[in-house]
Amino acid sequence: MTTDRYRAAGVDLTAAERVKQRIGAIVASARTPLARGRVGGFGGMVRLPDGVADPSLVLSTDGVGTKVLVAIQAGRHDTVGEDLVNHCVDDILVHGATPLAFLDYIAGSALEDETVLAVVEGVARGCRAHDMTLAGGETAQMADLYQPRHYDLAGTIVGVVSEGNALHGDRVALGDLLIGYASSGLHTNGYTLARRILFDDLGLDADAIIPQLGRAVGDVLLEVHRSYWRAIAPVLGHIHALAHVTGGGIPGNLSRSLKPGCQAAVERAAWPIPGLFRMLEEAGGVDEDEMYRVFNMGLGMIAIVAPSSEGRVREAAVRSGVDTWMVGEVVAGEGVLLR
């Protein structure tokens, strides 16, 4: 009787158990030799790798924002899980950390089994791509909090770095160069504004073709957030600082990687602005300065390097298939100057 009342209130324990068993197999596919404990335990366990001197754990928690609403409208749920992992990997990469373990959290209402499984498979795929353990997670059904078939997605990453190799921004020097790494689209920020322009202002749906781009709205907006791990990890020792360009755009994130007395002078004409951003700017009547505060404008990561390291750092990006541009320099001052 209790179970029937709980189901009537919006939580189906039988369905939850059915999904949990299938999730277990997906989680097991994303375990590394560092994993400890059993799949399905109350907590995830992972040991520190050998050979890391003076290790510091680097932790970050984030989500994919309203990008999940695009996934719901398009009926495609596996990419947002991969977005989540890549976003978090990039966040700790900024500190020079190697990813060790990941946990996800999915909360929603009346979710179909296949929706949850697709999200978790995307998370597992992202973990496997980084040789990182999917240590566990949580799926919560909250009928009184979410609309039916709607959900939110968040994750926590654990990484490790030798303190002597950690990036804190203190190595940045006047005369350093700024190397911008191409984004794969909007990544995971600015979707509230992008959805307002495309869905509300222009009246498009997920299957509609954007004439200026020749691609469907859903394909454009669900482009997976790029991981810069393979482009940057091999040359971390030649990098003074990194900035992951997420919410707040280039000004709001690059400033977090600078030490006092150093200003990042960014040349707006130094890289080609992808057509998606220009289309959003024109169709939405968005001021250019606001565009740079909301969106990544085609740069998902910015490295600060000594001039002598520019070639080596950019060659590593080429080997991983990521375009880069020299987009500015560090000068005397404070914060970020877009010119």
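Rounded to the nearest Hz, the phi-derived 3J(HN,Hα) couplings of the range 325-331 under the Karplus curve 6.51 cos²θ - 1.76 cosθ + 1.60 (θ = phi - 60°) are 9, 7, 10, x, 8, 9, 10, where x marks glycine and proline. Each peptide among 241-253, 103-115 gets the average number of other Cβ atoms lying within 10 Å of its residues, and from highest to lowest they stand as 241-253, 103-115. Could you give the angle, 0 to 90 degrees to the nearest 10, between helix 275-284's Cα long axis and the longest principal axis of the Cα atoms of the chain? Computed tilt is about 80 degrees.
Between 0 and 90 degrees, rounded to the nearest ten: what's the tilt of helix 113-129 against the longest Cα principal axis of the chain? In the chain, helix 113-129 runs at an angle near 40 degrees to the longest axis.
What shape does the range 127-179 have by the C-alpha gyration tensor, where a ≥ b ≥ c are the square roots of the eigenvalues, rounded means a/c under 1.5, and otherwise prolate means a/b greater than b/c and oblate the rest? Taking the square roots of the gyration eigenvalues as a ≥ b ≥ c, the range 127-179 is prolate. Considering only G96, A216, G75, the residue lying farthest towards the positive end of the dipole of the chain is G96, judged by Cα position with unit charges set on Cβ. Under the shape rule built on the C-alpha gyration tensor, where the axes satisfy a ≥ b ≥ c, the range 215-331 is oblate, since a/c reaches at least 1.5 while a/b does not exceed b/c.
Charge dipole of the chain (Cα centre as origin; +1 on each Lys and Arg Cβ, -1 on each Asp and Glu Cβ, all else neutral): 800 debye, rounded to the nearest 20. When each of the peptides 142-155, 199-212 is scored by how many other beta carbons lie within 10 Å of its residues on average, the order from highest to lowest is 142-155, 199-212. Taking amide hydrogens as placed 1.01 Å from N in the peptide plane, the amide H of T139 sits under 5 Å from those of I106, each at least 5 positions away in sequence or on another chain. What you get for the range 177-338, charging only the Cβ of Lys and Arg (+1) and of Asp and Glu (-1), is a dipole of about 700 debye around the Cα centre.
Here the sum of -39500 (n - 2.57) over DSSP H runs of 4 or more residues, divided by the residues of the chain, equals -9500 deg cm²/dmol at 222 nm, to the nearest 500. Modelled label positions at R128 and A208, each set 7 Å beyond Cα in the direction of Cβ, lie 3.6 nm from each other. Here the range 33-54 and the range 300-337 have alpha carbon centers that stand 34 Å from each other.
Kirkwood radius for the chain, taken over all pairs of different Cα atoms as the inverse mean of 1/r, rounds to 21.1 Å.
None of the figures in this text is laboratory data; all of them are computed from the coordinates on show. Predicted, not measured: the structure shown is a model, and the values here were computed from it. Here Cβ is always computed from backbone atoms with ideal geometry, including for glycine, and neighbour counts include all displayed protein chains.
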